[in-house]
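I am attaching a structure below and will ask some questions about it afterwards.
Laboratory data are not the source of any read-out in this text; all were calculated from the coordinates shown. Given the structure is predicted, the values throughout are model-derived calculations rather than measurements. Positions of Cβ are generated from backbone atoms using ideal geometry, with glycine treated the same way; all protein chains shown enter the neighbour counts.
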Amino acid sequence: MKNYNDKIIRIIKEIIPEGTSIPCVLTDTLLLGKESVYRRIRGEVCFTLEEVIKLANKFEFSLDKALDITRKETSYFSLTLPNSTVKIEGYGDRLSSFISFFKKMKKDPNSMARYASNTLPYSFYFTHENLARFLYFKWLYQSGEDLSHMTVKDIVIPKHVLDLQTQFVVETKCLSNSVFILDRNVFSSIKYDIECFYGLHLIDSEDIKLIQNELFSILDDLELMANNGAYNTGAKVEIYLSNIDLEATYSHFEYVDEQCAHLILYGISGVDTESTDVCEKQKIWIDSLKKNSTLISESGKMQRYGYLHSQRNEVHSLSDYFVKCTSSN
């Protein structure tokens, strides 16, 4: 059997903080003695399959990457669903995982993040507390959680999770190159969600006014990014409007000689893979969508103005909706 010890140890070194002792990590995770750990580090003894699985679960890397599984007929995905009994903590753990990943990526001056989104990207709204709270509540609601007698106002996101959301945005803005392809209905879909939850008496007019102001702020930030073609960190950003409907939200990340593909499922959950074949297909798919999109960053001034104007009207129409609902009651 091929010895994969070096590759597995190398993967773990990329994940753990600098200066962390690999022997200590292996000892604590595998519950092995010191000499047994060093035999594995030297390659004299192979990690067992059970040990590889323990390490993969602990450090959240894919077995297909670690074991060089390259069968094109079968690709392996990691489905990330926070534990139903501690959803907010699982949500925080997921954010921490993304943050660690982006920290690795930003070390490469040629790193590239590609997004094709039919929903508002995380990095656009995570620093807006009320909108993030609403979308978290929507996720819980659609996950089948028992939210009896609860509304959006009752949801409390702990400060440490809010800090993680902010750090997530900070790290994404440090990636050297980012491309966003936005479905033209991104803001409209949020408006319809809000109207639906208002009709179900799950959100009140006070919260909606706060979210409306945050949506206006997001549009202002989007306009600034599009005008400059960059984040406020100086990292390059390209923004496109898709001319066709996007049936899902796809991401592709590329740095050094590594790739990762992400597909959003079930709201804020998703699946990840480092399968070379799938990553290449995802990259080709996003690039194909870009060919059928209109660039509005640094160029396409008329299209940019028209789009932002229409989206501001969509957000503003939330006020008209309340007036209509109030008068009908």
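Where the only charges are on Cβ atoms (+1 Lys, Arg; -1 Asp, Glu), what is the dipole of the chain about its Cα centre, to the nearest 20 debye?
640 debye
How high is the FRET efficiency from S205 to Y305, r the C-beta distance, R0 22 Å, rounded to 0.05?
Efficiency, from the Cβ-Cβ distance: 0.15.
Could you tell me which label, among [x] 1.11; [y] 1.63; [z] 1.03, carries the value of Cα Rg over 2.2 N^0.38 Å calculated for this structure?
So the calculated entry is the one marked [x].
By how many degrees, 0 to 90 and rounded to 10, does the Cα axis of helix 49-59 deviate from the longest principal axis of the chain?
Computed tilt is about 40 degrees.
Only bridges whose two residues both fall in the chain count here: according to DSSP, what percent of them are antiparallel, nearest 5?
65 percent
Let me ask another. Could you give the nm distance between label points at K7 and T166, where each point is 7 Å from its Cα heading toward the beta carbon?
Placing both labels 7 Å along Cα→Cβ, they lie 4.1 nm apart.
Can you give me the distance in nm between label points at S96 and L263, each placed 7 Å from the Cα along the Cα-to-Cβ direction?
It works out to 2.8 nm between the two label points.
A further question on this structure: Which of these, D257, D207, D221, has the largest mean-square fluctuation under a Gaussian network model of the chain (Cα springs below 10 Å)?
So, out of D257, D207, D221, the one fluctuating most is D257.
Here's something else I'd like to know. Sequence neighbours fewer than 8 away in the same chain don't count; with that in mind, list the aspartates and glutamates whose C-alpha is under 16 Å from K159.
By straight Cα distance, K159 reaches E89, D93, E129.
How many angstrom lie between the C-alpha centres of the range 12-31 and the range 85-153?
One Cα centre to the other: 27 Å.
Per residue of the chain, what 222 nm ellipticity follows from adding -39500 (n - 2.57) for every DSSP H run with n ≥ 4, rounded to the nearest 500?
The per-residue figure over the chain is -17000 deg cm²/dmol.
With each pseudo-label sitting 7 Å past Cα toward Cβ, what's the I88-R39 distance in nm, one decimal?
In this crude label model, I88 to R39 measures out at 4.7 nm.
While we're looking at this one, here's another question. With the contact rule set at Cα under 8 Å and sequence spacing of 6 or more, what percent relative contact order holds for the range 101-232?
Contact order relative to length: 41 percent.
So if we plug the beta-carbon distance of K291 and D108 into 1/(1 + (r/R0)^6) with R0 = 22 Å, what FRET efficiency do we get, rounded to 0.05? All intermediate terms of the calculation are to be shown ahead of the outcome.
On the way: r = 26 Å, r/R0 = 1.16.
Efficiency at R0 = 22 Å is approximately 0.30.
Kindly express, to the nearest 10 degrees and within the range 0 to 90, the angle between helix 276-291's C-alpha long axis and the longest C-alpha principal axis of the chain.
Tilt relative to the chain: about 20 degrees.
Most fluctuating residue of E195, E171, E44 in a GNM of the chain with Cα springs under 10 Å: which is it?
Judging by the Gaussian network model, the answer is E44.
At a 10 angstrom cut-off on C-beta neighbours, averaged per residue, how do the peptides 228-240, 8-20 rank from highest to lowest?
228-240, 8-20
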